[in-house]
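**Q** Below is the structure I would like to discuss, written out as structure tokens.
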Amino acid sequence: MNNELSAIEKTVLTDYKYGFVTEIEVDEAPPGLNEDTIRFISAKKNEPEWMLEWRLKAYNHWLKMQEPNWANIKYDPINYQDIKYYSAPKQKKKVNSLDEIDPELRKTFEKLGISLDEQKRLSGVAIDAVIDSVSIGTTFKEQLAELGIIFCSISEAIQEHPELVKKYIGSVVPITDNYFSALNSAVFSDGSFCYIPKGVRCPMELSTYFRINAEGTGQFERTLLIADEGSYVSYLEGCTAPIRDENQLHAAVVELIAHENAEIKYSTVQNWYPGDKDGKGGIYNFVTKRGICQGAHAKISWTQVETGSSITWKYPSVILKGDYSVGEFYSVAVTNNHQQADTGTKMMHLGKNTRSRIVSKGISAGVSNNSYRGLVHVGKNAANARNFSQCDSLLLGDKCGAHTFPYIEVKNNTAVVEHEATTSKIGEDQIFYCNQRGIDTETAVALIINGFAKEVMNQLPMEFAVEAQKLLAISLEGSVG
Amino acid sequence: MLSIHNLHASIDEKRILKGINLEIKPGEVHAIMGPNGSGKSTLASVLAGREDYTVTDGSVTFNGKDLLELSPEERAGEGLFLAFQYPVEIPGLSTTNFIKTAVNEVRKYRGEEALDAVAFLKLMKEKMAMTNIDQTLLSRSLNEGFSGGEKKRNEVFQMAMLQPKLAILDETDSGLDIDAIRIVANGVNKLRSKDNAVLLVTHYQRLLDYIVPDVIHVLYNGQIVKSGPKELALELEERGYDFIKEQFKAEA
Ligand SMILES: Nc1ncnc2c1ncn2[C@@H]1O[C@H](COP(=O)(O)OP(=O)(O)OP(=O)(O)O)[C@@H](O)[C@H]1O
Ligand SMILES: [Mg+2]
């Protein structure tokens, strides 16, 4: 067997460019997890009693649970006692405006290409920036507040809007749902909160940037997004982390609630550190994302571009409860080197005339493994439910793997469920054709994968589509030569 | 412009080109004919820089440069264009976007500034009219689902867009209807100037009615065994390749 990298493989081996560490003082909890850790976090955040109790309940439930092992991924056991569950950049005082943010932190976000002020203000994107365990600031708050839109960190929401948080938190992803969501419910430190009132169309993109900075910490953020009747919001999250030899755990929970006639578009550009080319280090990204179309004609659309993490385990799902509600899932997942991804979606058709559409594009290079796992469930009352799934895999080289695991459960015979899958390879002949036209191999690969992923990229908000395209190209640089 | 000396090339240890000698001067059109499997496409691929082939002997210079030292994209930058016998499909990549990237990459290689959208569109319109290509084709994914003839037309359109110094057309006439052959020929003839050259690989004398070559070569078993004026094509059409094969055996 020829062990030399094929021409195609050489282009994927580039360095992760977000791998710097910011030197800032932190306020953190010692490693380890017990009731005291949870009390510590809750006290740090000055939480009301009900929140602490909710966390403790989750913790006690988690203790009784088993870590899942059904996904097509392999990793060494995680020692949950070695992780620090709280780490916050020390801010001298509470910041009232973004101008008061620690300059080091500000620089961090600038290096990430995220300017917390002018630049984004011009392009009309409101940003919440979360570093390690806490939100360091949210832009555009006042303007949004005029429309009755609440966009803030979840910690702040617990203080300022406890009735909303209490009503919705855990309503889509119950604390008992799965191992990682139970853990998150016990120890979540921050995240974003968003509420769009009835009939309001959010006039700008809302976005959160998550950054893991401190060593030995886990990041457990919690995002809660509620679109009241007839409202609309488009939300984007971006994620990066420094280069470290150790694996770091990221176990987030995202809950979306779309009421009657409301629409939520949720986009993710995930670029956590993927580990080095030998598979050392990188983020374990174990995330539970779920939305519910609560009322009739509600719509939830997940779009994700997943290029980072050493392991990704995530299935953004939609519960289609309202009649005529719509769920969509558009995904591009790139794995390179030793990365592993097991990702897909669940579409739970409960209401009548519900529709869902799944478009999954997996790109594998190096010795990586990329699995699509999707469930389409049609309940017995979901008359005329429709689903269409398209799962395409693109392979670069012949040492990587692509797998598709579609599960279909149909309990109503008026439902129509369609599934299509293809696997293709970037061919030397495609590369040569581009080369012959003057296009070098790296550019050729970028053109080919962007072509492959186009249907998904088209779903991204304009402001981010270009960034995401570059990201795809960067994460595959060196895989073709 | 192009001089090939004693070129030998093989693939997977199999010898395919066995000592090609060919000299093409600016302004000339050369045609290469020859039976299936004789090495015509191999020659085109080796000139374009396909890595699957190993050059075991010989040399090629192109406008004074050692062609074999250059990467395929550098050769394109130097002005070498190959219209593929079997153009490749790239799903999802718009044909226009592909051609725009190609044009600008070649310009970059030559130290020229990239064409902006307006200038590119202008160039496109001009070449579309010249090659009579359907606009809808250009907004579709590159060659995906194109008919055989549409793929060939797209090759000719790309050639017109890139304005190469040396265009190698590998059976671009195969699979084209009669009107399309005229269009291809027209495109090639318009490209023809005292500074440009064309190497045509074809099986049919019909194309040569429209593009009159300066020389015709017969490639057989990896060598050019016969060269002659355009009348040679007529003779081949009439007599087939048998007489060449006989002659070749007799000499061997
Ligand atoms: N990868 C390969 N392995 C082995 N033999 C090959 C390979 N590629 C090409 N050949 C052989 O090389 C010879 C020359 O092929 P080439 O495609 O150059 O012929 P051609 O003259 O263009 O033929 P046609 O008129 O049919 O297009 C053929 O015998 C072909 O089978
Ligand atoms: Mg051929």
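**Q** Give the Rg (one decimal place) followed by the Dmax (whole number) of chain B, computed from C-alpha coordinates and expressed in Å.
**A** 18.1, 61
**Q** In peptide A:423-434, how many Cβ atoms from other protein chains are near each Cβ within 10 Å, on average? The partial results should precede the final answer.
**A** Values: counts 0, 1, 0, 1, 3, 3, 7, 6, 3, 10, 12, 11.
Mean partner-chain Cβ count within 10 Å for A:423-434: 5.
**Q** While we're on this one: So for A:THR312, B:THR96, what's the accessible-area order with a 1.4 Å probe, most first?
**A** Values: A:THR312 5, B:THR96 40 Å².
Result of the area sort, largest leading: B:THR96, A:THR312.
**Q** If all Cα-Cα distances of the stretch A:291-417 are sorted into 10 Å bins from 0 onward, what percent lands in each bin, rounded to whole numbers?
**A** Pair shares across the bins are 15, 42, 26, 14, 3.
**Q** Provide the net charge surrounding A:LYS198, with neighbours chosen by a C-beta distance below 10 Å and charges set as Lys +1, Arg +1, Asp -1, Glu -1.
**A** Details: positive: none; negative: A:ASP228, A:GLU229, A:GLU260.
In short, -3.
**Q** In addition: Could you work out how far apart the two model spin labels at A:GLU142 and A:ASP429 are, taking each label as a point 7 Å from the Cα in the direction of the beta carbon, and quote it in nm?
**A** 6.3
**Q** Which cross-chain or sequence-distant (5 or more) residues have an amide H under 5 Å from the amide H of A:GLN390, H modelled 1.01 Å from N in plane?
**A** HN-HN under 5 Å from A:GLN390: A:ILE358, A:VAL359, A:SER360, A:GLU420.
**Q** Per 5 Å bin, what is the whole-percent P(r) computed from every C-alpha pair distance within the stretch B:26-142?
**A** Spelled out per bin, shortest first, that is 2, 9, 14, 19, 20, 17, 13, 6, 2, 0.
**Q** Tell me, what HN-Hα J-couplings in whole Hz come from the Karplus equation 6.51 cos²θ - 1.76 cosθ + 1.60 at θ = phi - 60° for each residue of the stretch B:52-62, using x for Gly and Pro?
**A** Ordered by residue, 3J(HN,Hα) equals 4, 9, 9, 7, 9, 6, x, 9, 9, 10, 10 Hz.
**Q** Taking amide H atoms as placed 1.01 Å from N in the peptide plane, list the residues 5 or more away in sequence, or in a different chain, whose amide H sits under 5 Å from that of B:ILE168.
**A** For B:ILE168, whose amide H was placed from the backbone, the distant partners under 5 Å are B:PHE81, B:LEU82, B:ALA83, B:LEU199.
**Q** Still on this model: Loop only per DSSP, at most 11 neighbouring Cβ atoms within 10 Å: give me the GluC sites (Glu not before Pro) in the stretch B:6-80, ordered by residue number.
**A** B:GLU13
**Q** Between A:ASN34 and B:ASP214, what is the spin-label point distance in nm, taking each point 7 Å from the Cα along the Cα→C-beta axis?
**A** Rounded to a tenth, the inter-label distance reads 9.1 nm.
**Q** Still on this model: Taking the simple approach of a point 7 Å from Cα along Cα-to-Cβ for both A:GLN66 and B:LYS25, what is their distance in nm?
**A** It is 8.4 nm.
**Q** A follow-up question, please. What does the extension gain come out to for B:LYS122 and B:ASP177, with contour length at 0.36 nm per residue minus their alpha carbon separation?
**A** Numbers: separation 55, 0.36 × 55 = 19.80 nm, distance 2.83 nm.
Net length gain for the segment: 17.0 nm.
**Q** Among the listed pairs A:LYS198/A:LYS299; B:LYS25/B:LYS127; A:LYS399/A:LYS425; A:LYS57/A:LYS84, which are separated by more than 18 Å between their Cα atoms? List each step's numbers first, then the result.
**A** Working: A:LYS198/A:LYS299 15 Å; B:LYS25/B:LYS127 26 Å; A:LYS399/A:LYS425 12 Å; A:LYS57/A:LYS84 20 Å.
Going by Cα-Cα distance, B:LYS25/B:LYS127; A:LYS57/A:LYS84 fall outside the 18 Å limit.
**Q** If you don't mind, another one. To the nearest whole number, what is the average tally of beta carbon atoms from other chains within 10 Å of the beta carbons of peptide B:47-59?
**A** Details: counts 0, 4, 3, 5, 5, 4, 0, 0, 0, 0, 0, 0, 0.
That works out to 2 on average.
**Q** Follow-up question, since we're still on this one. To the nearest 0.05, what FRET efficiency results for A:LYS57 and A:ASN384 with a Förster distance of 30 Å applied to their C-beta separation? Walk me through the intermediate numbers first.
**A** Details: r = 39 Å, r/R0 = 1.31.
Rounded to the nearest 0.05, the efficiency is 0.15.
**Q** What ranking do A:359-365, B:217-223, B:144-150, B:34-40 get when scored by the average of other Cβ atoms within 10 Å per residue, highest first? Could the numbers behind the result be given before it?
**A** Numbers: A:359-365: 27.4, B:217-223: 21.1, B:144-150: 14.3, B:34-40: 18.7.
The peptides rank, most packed first, as A:359-365, B:217-223, B:34-40, B:144-150.
**Q** Quick one: which residues, 5+ away or cross-chain, put their amide H under 5 Å from the amide H of A:SER267? H built at 1.01 Å from N.
**A** A:TYR235, A:LEU236, A:GLU237, A:THR303
The values are calculated or read from the model by the stated rules, or taken from the named source; none is laboratory data. Because the structure is a prediction, the values reported are computed rather than measured. Cβ: placed from backbone, ideal geometry, glycine included. Neighbour counts: every protein chain shown. These accessible areas exclude ligands, DNA and RNA; they are computed on the full protein's heavy atoms, side chains included. Shrake-Rupley method; radii C 1.70, N 1.55, O 1.52, S 1.80 Å.
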